[in-house]
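Beneath this line is the structure, given in structure tokens, with notes to follow.
No value in this document is a laboratory result; all are computed from the given coordinates. Being a predicted model, the structure only gives us computed values, none of them experimental. Here the Cβ positions follow ideal geometry from the backbone for every residue, glycine too, while neighbour counts run over all protein chains shown.
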């Protein structure tokens with residue numbers, strides 16, 4: 001493979017932490033164009049306690065999160081890493097879940113940038129297990145300063 005990133009390097013680029021880190025390693029990337037990453041699925045992952053106790057199935061939302069985190073890594077390898085106050089806001093999600101993912105599987109995330117600017121990106125991505133596509137997605141995000149994205153102090157406070 002080509003240009004790789006370790007788990008520690010990935011942690012430096014994505015804001016998520018345990019138990020929501022969904023990328024273990026970057027296998028290859030081309031700045032501004034594409035990235036291939038992997039996630040090893042373990043039966044010991046905490047989400048399997050409730051999804052589902054009788055038959056462990058990887059939550060689709062976490063597979064989509066893996067695609068999104070792969071996109072964030074590609075974006076930051078293309079531009080500069082986010083500042084401490086920057087957060088990604090995702091939207092325009094169009095996803096298809098085609099097959100379940102189980103403990104013991106290794107998921108390969110492949111993402112491709114369709115349009116990038118210094119503050120946003122549009123991407124397509126797939127998740128594959130053993131060469132078979134399990135998720136397809138198109139999504140975009142915008143980079144925002146956390147000060148402009150946080151709720152106001154009085155949000156949700158009842159009048160009276």
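Using a cutoff of 8 angstrom between alpha carbon atoms and counting only pairs six or more residues apart, the relative contact order for region 82-133 works out to 30 percent. Here the simple spin-label model places points 7 Å from the Cα toward Cβ, and for residue 55 and residue 16 these points are separated by 2.5 nm. For the chain, relative contact order (Cα pairs under 8 Å, six or more residues apart, normalised by length) works out to 23 percent. A helix-only calculation puts the chain at -5000 deg cm²/dmol for mean residue ellipticity at 222 nm, using -39500 (n - 2.57) for each DSSP H run of at least four residues, averaged over all residues.
The candidate values were [x] 31.7, 119; [y] 15.1, 44; [z] 16.6, 62; the one computed from these coordinates for Rg and Dmax of the Cα atoms in Å carries the label [z]. A full extension of the chain between residue 24 and residue 99 corresponds to an added length of 24.9 nm, given 0.36 nm per residue minus the alpha carbon distance. In whole angstrom, note down how far apart the Cα centers of region 118-145 and region 42-115 are. Between the Cα centres of region 118-145 and region 42-115 lies a distance of 9 Å. Measuring r between the beta carbons of residue 6 and residue 31 and using R0 = 25 Å, the FRET efficiency lands at 0.90. With contacts taken as Cα pairs under 8 Å and at least 6 residues apart, region 1-95 reaches a relative contact order of 28 percent. Applying 1/(1 + (r/R0)^6) with r as the Cβ-Cβ distance of residue 118 and residue 84 and R0 = 22 angstrom yields a FRET efficiency of 0.80.
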